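J.: Take a look at this one; I'll ask things after.
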Amino acid sequence: MQQIFKSLFPELPDSSRIWLHLANRKLVASEEQFLKEQLTVFLDSWSAHGKRLQCNATLLFSQYLIFSVDENIESASGCSIDSSVHFAKRMGSELGIDFFTRLEVLVVEGNETRLLSYFDAVAQKAPFINPQITQLYELRSMQC
């Protein structure tokens, strides 16, 4: 799994900022396709103060929506961050899914993933994606 993280967004530097949105369930193939199509449209117009952001996003493990912005070129503004949150909320509403799961983490064990409460994941020393990371290098260096 570490290779998946290392190869995320190769066009963006390690210092890029990231935002993670964990869904309360995995998306099925048709939902994932719809989300990816909508994500492409969103990213093509994502901007801050009228300047297009150097950005990318993906759905990892059919459950983790991840946005990234190279803030060395243009910083994400409050309004641009809000627009990504609104996008995740709108997709959640359209797909009947919650991308704002805050009490659980995504445990990654081999090729399997599962939701587990943060406290149980820590107690079990389970490998999980830390939802508090903010920089791309932190995600790229994860050891799951």
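J.: For segment 81-121: of the residues being out of contact with any Leu (no Cβ under 7 Å at 6 or more places or on another chain) and among the aromatic types (F, W, Y), which is surrounded by the most Cβ atoms within 10 Å (Cβ to Cβ)?
T.: F87
J.: Among the numbered conditions (1) touching a strand residue (DSSP E or B) at 6+ places or on another chain (Cβ under 7 Å); (2) farther than 18 Å from W19 by Cα; (3) not in a loop (DSSP other than H, G, I, E, B), tell me where A126 comes up short.
T.: A126 satisfies every listed condition except (3).
J.: Select from segment 56-75 the residues that are more than 15 Å from L39 (Cβ to Cβ) and not hydrophobic (A, V, I, L, M, F, W, C) and write down the one among them that is surrounded by the fewest Cβ atoms within 10 Å (Cβ to Cβ).
T.: N72
J.: Which numbered condition in (1) among the small types (G, A, S); (2) surrounded by 14 or more Cβ atoms within 10 Å (Cβ to Cβ); (3) over 13 Å from the mean Cα position of the chain (by Cα) is the only one that S30 fails?
T.: That leaves (2) as the condition not met.
J.: Moving on to the next point. Checking the conditions here, which among L60, L39, L43 is closer than 17 Å to T134 by Cα and out of contact with any helix residue (DSSP H, G or I) (no Cβ under 6 Å at 6 or more places or on another chain)?
T.: Going through L60, L39, L43 in turn, just one is closer than 17 Å to T134 by Cα and out of contact with any helix residue (DSSP H, G or I) (no Cβ under 6 Å at 6 or more places or on another chain): L60.
J.: Tell me which of these L53 doesn't satisfy, since it passes every other one: (1) crowded, with 16+ Cβ neighbours inside 10 Å; (2) in contact with a helix residue (DSSP H, G or I) (Cβ under 6 Å, 6 or more places away or on another chain).
T.: (2)
J.: Filter segment 88-108 down to the residues that are among the hydrophobic types (A, V, I, L, M, F, W, C) and in a helix (DSSP H, G or I), then identify the one that is farthest from F67 (Cα to Cα).
T.: First, the residues of segment 88-108 that are among the hydrophobic types (A, V, I, L, M, F, W, C): 88, 91, 95, 97, 99-100, 103, 105-108.
Remaining after also requiring in a helix (DSSP H, G or I): 88, 91, 95.
Numbers: A88: 10, M91: 14, L95: 19 Å.
Taking the candidates together, the pick is L95.
J.: If you don't mind, there's one more thing I want to ask. Of these, Q124, Q132, Q143, which one is surrounded by fewer than 18 Cβ atoms within 10 Å (Cβ to Cβ), within 15 Å of the chain's Cα centre (by Cα) and not aliphatic (A, V, I, L, M)? Working first, answer last.
T.: Values: Q124 fails: within 15 Å of the chain's Cα centre (by Cα); Q143 fails: within 15 Å of the chain's Cα centre (by Cα).
Answer to the check: Q132.
J.: Let me ask something additional. Only one of (1) touching a residue at least 60 places away in the same chain (Cβ under 8 Å); (2) closer than 20 Å to I129 by Cα is not met by F34, so which one is it?
T.: (2)
Readers should treat all values here as calculations from the given coordinates under stated rules, not as data from a laboratory. Values in this document were obtained by computation on a predicted structure and should not be read as measured data. We place every Cβ from the backbone using ideal geometry, glycine too, and count neighbours over all the protein chains shown.
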